[in-house]
Amino acid sequence: MSIRRVSILGATGSVGAAAAILVANAPERFEAVAIAGGRDAEALAKTAKLVNAKFVAIADTKQYAPLRHLLADTDAEVAAGDDAVVEAAKRPADVIVSAIVGAAGLAPTLAACDQGTVVALANKESLVCAGEVALARARTAGATLMPVDSEHSAIFQCFEVDRAHAVERITLTASGGPFRTLTLAEMAHVHLEDALKHPNWDMGAKITIDSATMMNKGLELIEAARLFPVPEDQIDVLVHPQSIIHSMVSYRDGSVLAQLGAPDMQTPIAVALAWPDRMETPTDRLDLAALGQLTFEAPDPIRFPALRLAREALRAGGDRPAVLNAANEVAVAAFLARRIGYLDIAGVVEDTLNILATAPADTLDRVQAADSAARTAATAAIERLEAA
Ligand code: MG
């Protein structure tokens, strides 16, 4: 087995940190090249030492001196700034884990695609906002996009690429988040602390809120349509509160292939790192007898409007997914800052989509223009709510 060179972008986030542990624990398989983080110098330095990274980049230039100091006893090359993060993505590697949260992950992901190797993609925005651009860049360079998200990893594992014509539907499962059983009236009064408690997955704040609103599933729906050759109307969302079945693929002959596992991100990360081989992970093993039952329900479009907004954005195409995503980032940040209520998140996104006219998103400039127009419009929508 030849050693795979791995870089991790977003190394201090939950996916990046889990990837780093898998890489560190399998020195016979992996060797770390570059790692990059946002602004947490201490966590980044710790991860750099764990994986013995050769190049360490931090986006926040104010953190350059602290990071250098923390890594003074290593041979690691240290750099700071957005360009340094892109530089980390450009260092030759066999697998580049792209796990920077939000639109900030876009440029580094595209740079990673240009290498023409494997991009283990956990950054939803690259596919959601800049899907046309990212897919074209990956195609040109010959890069393989490996999904790291549990749902897309499940579909990837069940999808017979050579028989795409035989696929009838794909079904994304959703936990339903912490507010699955709340009424709309109850949702109007939920607190930040309640929204941050996810029943099954341990994730960052932004994605945990997205899980509560189900915008996370909406973004995943768009991502699935980009990753797999299946049209929007053949992609279903199914609420499955136990998060044991991670997604399914239905074939024309009536067969349904599902991928199951304990809800632990280490498994989809390991799939992406080791594919087509399988590597050991220490995750809990599935004990179906102990679980007893798995349950399913249809998602409620009234209580979870984000899902409807995402589907409409996917169908409309162009810059709609980028606008949806940017407006959602701004709205979630405002909710996390206790500026708006929980139900206002989807309201702000819908207002933003309605205010801005649809435009093409076939170049990075156009994607970025849509992103900033959406941020401005969403900010104005939040200020109107605060003034009311
Ligand atoms: Mg997911």
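Kindly indicate whether any position in the range 163-176 is within 25 Å of residue 261 (Cβ to Cβ), assigned to a loop (DSSP other than H, G, I, E, B), in contact with a helix residue (DSSP H, G or I) (Cβ under 8 Å, 6 or more places away or on another chain) and within 16 Å of the ligand (Cβ to nearest atom). Yes; the residues of the range 163-176 include at least one that is within 25 Å of residue 261 (Cβ to Cβ), assigned to a loop (DSSP other than H, G, I, E, B), in contact with a helix residue (DSSP H, G or I) (Cβ under 8 Å, 6 or more places away or on another chain) and within 16 Å of the ligand (Cβ to nearest atom). For the range 352-388, taking the residues that are touching a residue at least 60 places away in the same chain (Cβ under 8 Å) and β-branched (Val, Ile, Thr), the one that is surrounded by the fewest Cβ atoms within 10 Å (Cβ to Cβ) is identified as 363. Among helices (runs of 4 or more DSSP H) entirely within the range 1-82, having at least 3 residues that are in contact with a Ser or Thr (Cβ under 8 Å, 6 or more places away or on another chain) singles out 14-25, 41-51. Within the range 124-154, the set of residues being more than 16 Å from the ligand (Cβ to nearest atom), of a type outside the set (A, V, I, L, M, F, W, C) and assigned to a loop (DSSP other than H, G, I, E, B) comprises 142 only. Quick check on my filter: what residues within the range 111-123 are in a helix (DSSP H, G or I) and surrounded by fewer than 22 Cβ atoms within 10 Å (Cβ to Cβ)? Within the range 111-123, 111 is the sole residue that qualifies. On the stretch given as the range 233-254, residues that are out of contact with any helix residue (DSSP H, G or I) (no Cβ under 9 Å at 6 or more places or on another chain) and free of Cβ contacts under 8 Å to residues at least 40 places away in the same chain total 1. Considering 268, 299, the condition of being within 24 Å of residue 167 (Cα to Cα), within 12 Å of the ligand (Cβ to nearest atom) and out of contact with any Pro (no Cβ under 6 Å at 6 or more places or on another chain) is satisfied by 268 alone. Which of the residues spanning the range 2-12 are under 25 Å from residue 116 (Cβ atoms) and either in contact (Cβ under 8 Å) with a residue 60 or more places away in the chain or in contact with a Leu (Cβ under 9 Å, 6 or more places away or on another chain) (or both)? Matches in the range 2-12: 4, 5, 6, 7, 8, 9, 10, 11.
Of the helices (runs of 4 or more DSSP H) contained entirely in the range 243-320, those carrying at least 1 residues that are surrounded by fewer than 15 Cβ atoms within 10 Å (Cβ to Cβ) fall at 288-291, 305-316.
Is it the case, given these coordinates, that residue 252 is among the basic types (Lys, Arg), away from the ligand (no atom under 12 Å from the Cβ) and within 15 Å of the chain's Cα centre (by Cα)? Taking the combined requirement at face value, the residue does not satisfy it.
Pairs linking a residue in the range 23-37 that is outside the structural domain of residue 55 (by TED's automatic domain parsing) to a residue that is of a type in the set (Phe, Trp, Tyr) and at pLDDT 95 or above, with Cβ atoms under 9 Å and 6 or more positions apart or on different chains, do not occur. Tallying residues that are farther than 19 Å from residue 127 by Cα and among the polar types (S, T, N, Q) within the range 339-381 yields 4. Of the residues that make up the range 196-213, is at least one more than 15 Å from the ligand (Cβ to nearest atom) and part of a helix (DSSP H, G or I)? Scanning the range 196-213, I find at least one residue that is more than 15 Å from the ligand (Cβ to nearest atom) and part of a helix (DSSP H, G or I), so the answer is yes.
The values are calculated or read from the model by the stated rules, or taken from the named source; none is laboratory data. All of these numbers come straight from a predicted model, not from anything done at the bench. Ideal geometry is used to build each Cβ from the backbone, glycine not excepted, and the neighbour counts take in all protein chains shown.
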